[in-house]
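K.L.:
For reference, the structure I am asking about is given below.
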Amino acid sequence: MDNSLQLRANFSYVIANLVAPKIILGWDNSRWKQNFSSNEEAATTFNFKNSHRYNAFLYGFGVDFCAMKHVVLGVEYTGTVANSKKFSKTDTATDNAYTAHFKPQRNTIALVAKVIY
């Protein structure tokens, strides 16, 4: 995955002016690369590469803490998930048909530091 464009909204609630748990919802558009190779017979090797942009649902949760008057520290988990993708390709040398499928998904954990004025 590379060249990702994300649009997200953070829904948070501040508790006692110190802690703010949050829920993250949004949309992700990323370019995913898929590689497939087969070496069934010793004489032939078949390689298949595909690259395409996919839309995905973005979700997550986290918590922010007020460290100082203008500094907020936090941690958040963010995940994206898209529909399953399937590709078919025929090796012209052997006339074998190959199919590959994958489900684009990404999970990240981030430490967040914010300066607010």
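K.L.:
Within the range 25-39, track down each residue that is at pLDDT below 80 and of a type in the set (Phe, Trp, Tyr).
P.N.:
Selection gives Phe36 alone.
K.L.:
Quick check, is Tyr77 at pLDDT 95 or above, of a type in the set (Ser, Thr, Tyr), open to solvent by 60 Å² or more (accessible area, probe 1.4 Å) and touching a Gly at 6+ places or on another chain (Cβ under 6 Å)? Give the derivation first.
P.N.:
Numbers: at pLDDT 95 or above: yes; of a type in the set (Ser, Thr, Tyr): yes; open to solvent by 60 Å² or more (accessible area, probe 1.4 Å): no; touching a Gly at 6+ places or on another chain (Cβ under 6 Å): yes.
No; evaluated as a whole, the condition is false for this residue.
K.L.:
Which one is nearest to His101 (Cα to Cα), of the residues in the range 40-61 that are at pLDDT below 75 and of a type in the set (A, V, I, L, M, F, W, C)?
P.N.:
Result: Phe48.
K.L.:
Filter the range 94-108 down to the residues that are touching a Gly at 6+ places or on another chain (Cβ under 9 Å) and open to solvent by 50 Å² or more (accessible area, probe 1.4 Å) and list them by number.
P.N.:
Gln105, Arg106, Asn107
K.L.:
Where in the range 22-117 are there strands (runs of 3 or more DSSP E), lying fully within it, with 3 or more residues that are touching a Ser or Thr at 6+ places or on another chain (Cβ under 8 Å) and among the aromatic types (Phe, Trp, Tyr)? So that I can check it myself, show each step before the final result.
P.N.:
Working: elements: 46-68, 71-81, 85-91, 96-102, 105-115.
Qualifying strands (runs of 3 or more DSSP E): 46-68.
K.L.:
Any residue that is more than 26 Å from the chain's Cα centre (by Cα), modelled with pLDDT under 90 and over 27 Å from Tyr98 (Cα atoms) - is there at least one of those in the range 5-24?
P.N.:
Within the range 5-24, one or more residues are more than 26 Å from the chain's Cα centre (by Cα), modelled with pLDDT under 90 and over 27 Å from Tyr98 (Cα atoms).
K.L.:
Further question on the same structure: May I ask you to verify whether Thr90 is under 25 Å from Ser30 (Cα atoms) and either touching a strand residue (DSSP E or B) at 6+ places or on another chain (Cβ under 6 Å) or surrounded by 11 or more Cβ atoms within 10 Å (Cβ to Cβ) (or both)?
P.N.:
No.
The values are calculated or read from the model by the stated rules, or taken from the named source; none is laboratory data. Since we're looking at a predicted model, the values are computed, not measured. Cβ sites come from the backbone with ideal geometry, for glycine too, and all protein chains shown count toward neighbours. Note: areas computed on protein heavy atoms with side chains; ligands, DNA, RNA excluded. Shrake-Rupley method; radii C 1.70, N 1.55, O 1.52, S 1.80 Å.
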